[in-house]
Structures are given as C-alpha cells and as structure tokens.
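Taking it in order: structure first as structure tokens, then the write-up.
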C-alpha cells in the first residue's frame, strides 16, 4: 500500500524541468546557410539559369569590382591533415591513372625509390616522424625518424589519416613535425592543379555559376600566398578554415567532374594566367556562402571592417524552394541540455535575440536561467556551438 501511494505521488509531481517553467527545447525557424557575405552560391546558380555570365554574377555580388586576368602560375601549399599522429599513404591501383613513380626523401637527403605496391606508414615520435614501408612478399623496411619527409609521385596517391581519406593527383606531399604532431601538406600549381580539387559548389551547376566560383576561389587562393603559416606548415587549409579542397575526388566525379574541370580551364586566360576579382587595382577580400534569407550581408555587420564591395545585395534566388529546397526555410529543435551547455548555465529558461542587422540577421543571443543568471553569446559562437545553419532566424520557447 505504501509503495502504491508513493508511486502515485511520483506520478502527480511534475518533473523539475516543467515545475519551474524551464522548457524542454527551443525551436528556431530561419532561412539561409552560411555567413551571408559576398557571393551567394545558390544565387549564382539562379542567375546562371537566367542567362547571366560569370562576370555579370560576380559584378552583381561584388559591386564596383572588375574581373581581370592575373598571373597565377605559382605553387600553393595546402594543408590536408592538421596535427595528426600518423598517416598512411598507398599507391593507387586504379586502371585509369595508376601511380607510376613513388619516392621518399628525409629532409634534404637523396630520394629513396619505393616499390609501387608499397604502403607507407608515418608515425609521430619523440625523435621525429618514423616511416615504415611495407610491400607484399617483402620484409617491412623501417627508416630512421626525420622531422620532414617529402613524397614525390606520379599518378594518384591515397592518403589516410584520422581526419579522413583523400586521393591526390598533383604536386608533392610533405609531412613535417610541428610540436609533437604531423602536418601533412600537398604542394601544387595554383593555376589549375589546386583549383581542380576545390569543392565549394555542386559540379552539376551551370557553367556560369561554376566559373563564378572558380574565379572567386582563385582570388581567395591568391590572397593566401604571402607566407607559410607555421601552425599548419601551409599557405591555406583544405577545409572550413579556408575553402574546401578534396583533391582528385572533385575532377573524377562521375560525369559532372568534367564540368568543374571545364570551368577551371575556361577561366584560364592562358597557360600561366587566370581571371580574378579586383577592386581599384588589387585583389579583393573574397567571401562566398551557400544561401541567404533574401539579402546578402555587409562585412561590417558580420566581422567588423567595411569593404565597399561587400554590401547588402538582394538575393531572392536563395528563397526559391526549387533552387534551395533545404535552406530556403528551415527549422531546428534545440534540446535544453545542449543549450544550457552552450551558454554555461545550469539551465535556460528563455532565449532572446539582442540586436539585428539591416538584413534582420541576429547579432547576439541572450540566455536567462531559472535562477535569474544570464549569459550572452555572439551569433557566430551560437551557430558553431549549436550547429545552426545561418544567423537569420526566430526563436520560440516551448514546454
């Protein structure tokens, strides 16, 4: 009887979350994907469908700029694995473009030829980066550790790390010990070899949209050539820190990979030059994103610092459900636990948007706990911590 009575009491008492009015979750309703500054990629496709050229698209999203040929016949060093403990390189067995030459060099020593059937395993250690070479029907060859390894190859080489797998077609690969971990880089010619591997938009897009992205990506890369960054041993990262580089996988996409490669070649004005975006005689600070909520952002509203060509530009194509089925309008459900962790509060009673830009995107988010304690995040931190597509949204509290 006592157990039954106790059970009844437990059923009648609401959970703590509901007792003090703390919602189980929050609902965000918004539009767009990305920071909203510069070139709208969905907008570029929409304009291409209307017959606009790559130059017209870029002049629209970067008002006052010029598209001009510039020399891009230079090497760029791309970080393809950052602060990893090991890396495995394997020669491609593809009948299309097999690996035909493979050698390794420790520091400045002479190159050591490697059998094409080998796998090369690099491992960070206190003495440097050790290398084990394994080939079928042969004893494993262990080479002395070195702080720097260079791999020369022809064909396609596959590299595997804890950060993923990538097929590489061009240039050379370096592994350098930085701190206690390995930085893996791919050095190649910017003019076409690097651009062939950029994967920022779908290759099925129309040529004008693809060409606009190539020109923007070339301009972005040219702006990163000033020096080698010590933390990554690179000019540019291959992922979210810069622009997405995926190696041979881009140009080798079935059917559509050829479209992207053609866009790169079309924007080359000769064997050593290609089109880039300039403003008053200098390459611009170029930005691009997937889609907006109908108008692009000023750079000053997102990061601070104003550029006249990074302005509010109407972008109605981003709100077209056929062009942008997943992000013309979206909803996200934020679980109470995740929101509380993001704001470093024991719980969150309500969320409030503090400040809006001219395009109605949020600036800061304020959270209030059931105890009255408050915490505030910039919309940038809020998006990263809770995986929100854009800063264009409304918030609904719910129980």
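Every read-out reported here was derived from the displayed coordinates using simple, explicitly stated rules and does not represent laboratory data. Please read all numbers here as calculations on a predicted model, not as lab measurements. Neighbour counts are summed over all protein chains in view; Cβ atoms, including those assigned to glycine, are modelled from backbone coordinates with ideal geometry.
Tabulated values for the structure
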| item | result |
| --- | --- |
| Extension gain, residue 360 back to residue 180 (0.36 nm per residue minus Cα-Cα distance, nm) | 60.3 nm |
| Mean Cβ neighbour count within 10 Å, used as a protection proxy, ranking 24-33, 108-117, 251-260 highest first | 24-33, 251-260, 108-117 |
| Two-decimal Rg/Rh across the range 352-391, once Rg and the Kirkwood Rh are taken from alpha-carbon atoms | 1.01 |
| Kirkwood hydrodynamic radius of the range 15-172, from inverse mean 1/r over distinct Cα pairs, in Å | 20.8 |
| C-alpha center-to-center spacing [the range 222-301, the range 357-399] in angstrom | 30 |
| Cα long-axis angle, helix 257-266 against the chain (0 to 90 degrees, to the nearest 10) | 70 |
| Equivalent ellipsoid semi-axes - Cα gyration tensor, the chain, angstrom | 43, 33, 19 |
| Sorted largest first, extent of the range 287-399 alpha carbons per principal axis (Å) | 45, 34, 18 |
| C-alpha center-to-center spacing [the range 121-172, the range 44-83] in angstrom | 34 |
| Relative contact order (percent, whole number), the range 131-208, Cα cutoff 8 Å, 6+ residue spacing | 18 |
| Sequence of 320, 315 once ranked by neighbouring C-beta atoms within 10 Å, starting from the fewest | 320, 315 |
| Highest-first arrangement of 164-170, 293-299, where packing means the average Cβ count within 10 Å | 293-299, 164-170 |
| Longest to shortest principal axis, alpha-carbon extents of the range 319-378, angstrom | 45, 26, 13 |
| Inter-site label distance for residue 258 and residue 350 at 7 Å from Cα along Cβ, in nm | 6.0 |
| Calculated diffusion of the range 128-250, Stokes-Einstein form, Kirkwood radius summed over Cα pairs, 20 °C and 1.002 mPa s, µm²/s | 132 |
| Residue order, fewest to most surrounding Cβ atoms within 10 angstrom, among 184, 302, 104 | 302, 104, 184 |
| Simple spin-label estimate for residue 70 and residue 204 in nanometres, 7 Å along Cα-Cβ | 3.3 |
| Nearest-0.05 FRET efficiency for residue 249 and residue 143, computed from C-beta distance (R0 25 Å) | 0.25 |
| Inverse of mean 1/r across different Cα pairs in the range 233-308, Kirkwood, Å | 15.7 |
| Relative contact order [Cα under 8 Å, 6+ residues apart], the chain, whole percent | 26 |
